[in-house]
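Undergrad: Input: one structure, supplied below.
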Amino acid sequence: MTPYPIGYIISRVSVSPFRGGQFLKTIIILSILFVGSILYRRYFPVLGMCCKKLGELDRSTIVIDVRDYNESYKDPIPGAINIPIAYINRHYNEITNGDLHVVASNRLGKNFGIRLLRKKGFRVVGYSITNNNNIILKENQISLRTFC
C-alpha cells in the first residue's frame with residue numbers, strides 16, 4: 001500500500017505549466033498575431049508612398065513592373081523592368097541601384113511589391129496602379145486608365 005492517497009499522486013503527476021486555460025489563451029493570441037502580420041503585409045498601405053503618373057517621373061527613376069506577365073504583355077510600359085511579384089526574390093539582382101517606381105495592377109500588388117523591394121534594400125519613391133479591366137473608348141481610340 002502506498003502511504004499517499006491516489007488523488008494526491010495524480011495531482012502531483014499532472015502538474016501543467018499552463019493552468020486554468022492559459023494554454024488555450026496563448027494559442028489564440030499567437031494565432032491572432034500570425035494572421036494579423038499576414039494581413040498587415042498585404043493589405044495595410046505602405047506609408048510615405050505617393051502615386052505618380054509615369055509621365056511625371058525623372059529620367060533617373062527606374063520603373064519596375066510587378067504585374068503578371070500576361071497583364072504586362074497586354075499593356076507594356078516602355079523602359080520598364082518586368083519582374084512579377086512572385087519572382088522578385090529570385091531576380092532582384094537584375095535591378096540596378098537608384099530610385100524605383102513600382103507599377104502594379106492593384107493595391108495588394110502595390111503594397112506587397114513595395115515591401116519586398118524595400119526589404120531587399122531598394123529605395124522606392126512612388127507607384128502607379130493600372131487597371132486592365134477599365135478600358136475606355138473615346139473617339140475610336142482605346143486608352144488605358146491609370147489610377148492614382
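The values are calculated or read from the model by the stated rules, or taken from the named source; none is laboratory data. Here the structure is a predicted model, which means the values were calculated and not measured. Please note: Cβ atoms are built from the backbone with ideal geometry, for glycine as well, and neighbour counts cover all protein chains shown.
Undergrad: Of the conditions (1) at pLDDT below 90; (2) farther than 24 Å from residue 39 by Cα, residue 99 clears all except one; give me its number.
TA: (1)
Undergrad: So in region 28-65, with the set limited to residues that are touching a Gly at 6+ places or on another chain (Cβ under 9 Å) and aliphatic (A, V, I, L, M), which one is nearest to residue 91 (Cα to Cα)?
TA: 64
Undergrad: Tell me which residues, restricted to region 9-59, are surrounded by 10 or more Cβ atoms within 10 Å (Cβ to Cβ) and at pLDDT below 60.
TA: Passing the criteria: 9, 11, 18.
Undergrad: Could you check region 70-106 and list, in sequence order, the residues that are out of contact with any strand residue (DSSP E or B) (no Cβ under 7 Å at 6 or more places or on another chain) and part of a helix (DSSP H, G or I)?
TA: Within region 70-106, 70, 73, 85, 86, 87, 88, 89, 90, 91, 92, 93 meet the criteria.
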